[in-house]
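Input: a single structure, listed below in structure tokens.
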Amino acid sequence: MPTELRLNRQIIFLFLLKHPAAKLQHLDYWILNYQQIKSKSAMAANMFVVPQTKGTVLCCKCGILMAPNPANMCVTCLRSEVDITEGLRKHATIMHCPECDSYLQPPRTWLKAQLESKELLTYCVKRLETDLKKVRLVNAEFIWTEPHSKRIKVKLKVQKEVLNGAILEQSYVVEYVLQDHMCESCTRFQANPDQWVASVQLRQRVSHRRTFFYLEQLILKHDAAVHAIKIKQMDQGIDFFFANKSHASKFVEFLDKVAPTKRRESKQLVSHDPKNNTYNYKYTFSVEISPICREDLICLPPRVAVSLGNLGPLVICTKVTNNIALLDPLTLKAMQLVEYDVFNVEVVSPEFNNGASKYVMADVEVARVTDYGKLFYVRTHLGHILKPGDRALGYDLYGANNNDNELDKYQNLVIPEVILIKKSYEEKRQKKRGKPRPWKLKSLDMELDESRGYEEKMNMEYEEFLRDLEENPELRFNLSLYRNKDYQPSEMASVSDGDDVPSVPLEELLADLELSEEEDGDDSMRD
Amino acid sequence: MSTITSLMSRIFAGLQFENSCDVGVFSKLTNAYCLVAIGGSENFYSTFESELADVIPVVKTSIAGTRIIGRLCAGNKNGLLVPHNTTDQELQHLRNSLPDQVVVQRIEEKLSALGNCIACNDHVALTHTDLDKETEEIIADVLGIEVFRQTIAGNILVGSYCAFSNRGGLVHPHTSIEDLDELSTLLQVPLVAGTINRGSEVIAAGMTVNDWTAFCGSDTTATELSVIESVFKLREAQPSAIVDEMRKSLIDTYV
């Protein structure tokens, strides 16, 4: 079969033509030699083919020598003849919100994008979609404009077929005029910054704020309060305000997952449109966290104790998530912790794994720090960390005055004199007091309750909370700690006893996030 | 042709047949006669007539009832070949109008657009590669020339993509240099690759030529015209034996 190509319509790309006479500004041409393609395919078929060299013809308009192409006109003549960008828009208007730096995609969506970013380029090209159906878009890029000029320039390279099969490539510039127009959310915010649709009132009826510190870190880690328009600190709790009922519901679900809560919901009618039958409400969720915290001694009522498998009436709470983990069958009302010195430790039973934590039962000999006269022999679960010479903190039942009705219900109950809760590092902390920690936490942007003026108490409680975090790796598990750039390890660190004050190992620390004005004012650093 | 020695070589541009610049489709020009299609207005015919009437007969005709006579028939000073669907009246009309030494022959050929398949001058012809053997013999016989089967720039319709006279020839612009050399050797005339009618590659449709005249379509640019007049040697007036005193070698150009 003859191998000649019957080319009734030759499609030859015109690209960069390196001709000295041709001065090209916007057009790039070169010529693809279709003869070479033909001979290549013939050679692939193992036929002898005479090598063909392209001749030159004169451009039919200006008469300069050029290689033939489908239009048979030289590049400049073709360009003067045909403009493929004719009919394409060179100017367009886009709406820009100066508050939140976003751009309107009609009819309603606002797209947040930086200047000269990929998203903005995609957005600009999309605005010209109708035009670009007629030609084929090859390349698009930004041309730098002064940021305050309210103009964006985009250079587009397009291809189109002209004149019996030749494809022309040309680039042109589109100029976008930015019109300032506040987006809906910014408008609403400006009109009334306190405007909220749903609120969540989070409360815990205890005298300390440990739970809230911990919750604050959890919320930050999971970004649960990212939609909150305002957060206010109240007596015994925190209020969160949202613009959207679904955001508030989502937050309440999150709280439910991380803490044991009781909740109620209510709504208040704000306005009513009788013609449309639409009603606008303000919703309020009341969430109450159970008052049981870690290291609390609890006395269980008999019914509950029996339902939990005859757990003795006295228990210590070891962990609070959405469930409460209880340990040790002893009960009491929550009391102040008292310091004890440990004199002797005898291990009674081997290691006991209770889920995440290990415990070793031991008999210890302790005496109160304030009163060395009286020695107590008690059983404790802290055998794995206590050694003679250590300090421990516990509840002093010997000197306590019990007037709880629940206890009276139990007969024949032997109450130990001391229940040890945790080891104390108080002495060692004296050395380290005042020195900064190598890690730090972020905090929510909260409105503080200034009225009560209990700032000092707050600081102490916060300090205790930080100590708590240092001692307990499992508490740290759920939170994000950030490396403190300002921290310098001191020379005194080398001088230490065998038993170091526990500190957060460096591997656990996250590299500090960069803080800049871009973040919604939710996060700020607190040392 | 031999009696007429004083000929002003002229090149006519700016011709239109009913607003189409494809002159070569509606006319056939040889050294012994000229065929012109029947058009609505007489402008086309009168151009040919004013130039050629006293030298060679200018015949208005149709072939197979169509006006595209330039593409349907092929011929030179010795003869004219027409396709099988030419009517008897047309054949008779042609035989009557043309001089006696021109043999008009109707041939049975599957490829009936002879003008597209055969390009010839008074000595040599190029034909479509798939032409019948008999047709080739008839060509050699009637027209008295040598026949070569060829392609031009990969196209088999040689009659469309080249136009040549006894003096020179113009071929498809994409013809490679080797092809040009080969064709030139075969035809024994100088050849050049070029365009007609503002970059059109279909040479023979855009112009018609014989040894001393060329007629080009209205879209032909000045560059193309200069190429044509140089390759067909139409610029210089031939002062071989001057009968006519007027030695105008005017070139009508269209800018």
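Read the figures in this text as sums done on the coordinates, not as results from a lab. These numbers were taken from a predicted model, which means no experiment stands behind them. All Cβ positions, even for glycine, are placed from backbone atoms using ideal geometry, and neighbour counts span all protein chains on display.
Summary table
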quantity: Cα-based shape type of region B:10-249, given that a ≥ b ≥ c are square roots of the gyration tensor eigenvalues and the cut on a/c is 1.5; calculated: rounded
quantity: Förster radius 35 Å - calculated FRET efficiency between A:TRP144 and A:GLU81 (Cβ-Cβ, nearest 0.05); calculated: 0.60
quantity: Shielding by partners - mean other protein chain Cβ count within 10 Å, residues of B:170-176; calculated: 6
quantity: Of all DSSP beta bridges in chain B, antiparallel share, percent nearest 5; calculated: 50
quantity: In range of the label at A:GLN159: residues from region A:86-112 whose backbone nitrogen is under 20 Å from the point 7 Å along Cα→Cβ; calculated: A:86, A:88
quantity: DSSP bridge orientation in region A:76-194 - percent antiparallel, rounded to nearest 5; calculated: 80
quantity: Above-threshold pairs, the threshold being 28 Å between Cα atoms, out of A:LYS112/A:LYS157; A:LYS319/A:LYS457; A:LYS150/A:LYS282; A:LYS118/A:LYS257; A:LYS118/A:LYS157; A:LYS126/A:LYS230; calculated: A:LYS150/A:LYS282; A:LYS118/A:LYS257; A:LYS126/A:LYS230
quantity: Integer Hz, Karplus 6.51/-1.76/1.60 couplings in order for region B:171-176, x for Gly and Pro; calculated: 10, 3, x, 8, 5, 7
quantity: Shielding by other protein chains, A:61-67, mean Cβ within 10 Å; calculated: 3
quantity: Cα gyration tensor category, rounded, prolate or oblate, for region B:80-126 with a/c compared to 1.5; calculated: oblate
quantity: Simple spin-label estimate for A:HIS91 and A:LEU115 in nanometres, 7 Å along Cα-Cβ; calculated: 2.1
quantity: Filtered chymotrypsin sites (Phe, Trp or Tyr not before Pro), region A:45-124: DSSP coil and at most 14 other beta carbons within 10 Å; calculated: A:PHE48
quantity: For chain B, the longest site-free run once GluC sites (Glu not before Pro) in DSSP loop states with at most 12 other Cβ atoms within 10 Å are removed; calculated: B:109-235
quantity: Label zone at A:LYS282 (point 7 Å along Cα-to-Cβ), backbone N below 11 Å, region A:189-227; calculated: A:194-199
quantity: Nearest-0.05 FRET efficiency for A:ILE64 and B:GLU18, computed from C-beta distance (R0 41 Å); calculated: 0.75
quantity: FRET efficiency for A:SER290 and A:GLU184, using Cβ-Cβ distance with R0 set to 35 Å, rounded to 0.05; calculated: 0.30
quantity: Chain B: relative contact order as a whole-number percent, Cα under 8 Å and 6+ apart; calculated: 25
quantity: Region B:1-132: mean projected area of Cα convex hull, nm²; calculated: 8.4
quantity: Ranked by how many other beta carbons lie within 10 Å on average, peptides B:24-32, B:52-60 from highest; calculated: B:24-32, B:52-60
quantity: Spatially near lysine pairs across region B:10-249, Cα under 25 Å, sequence gap of 8 or more or different chains; calculated: 11
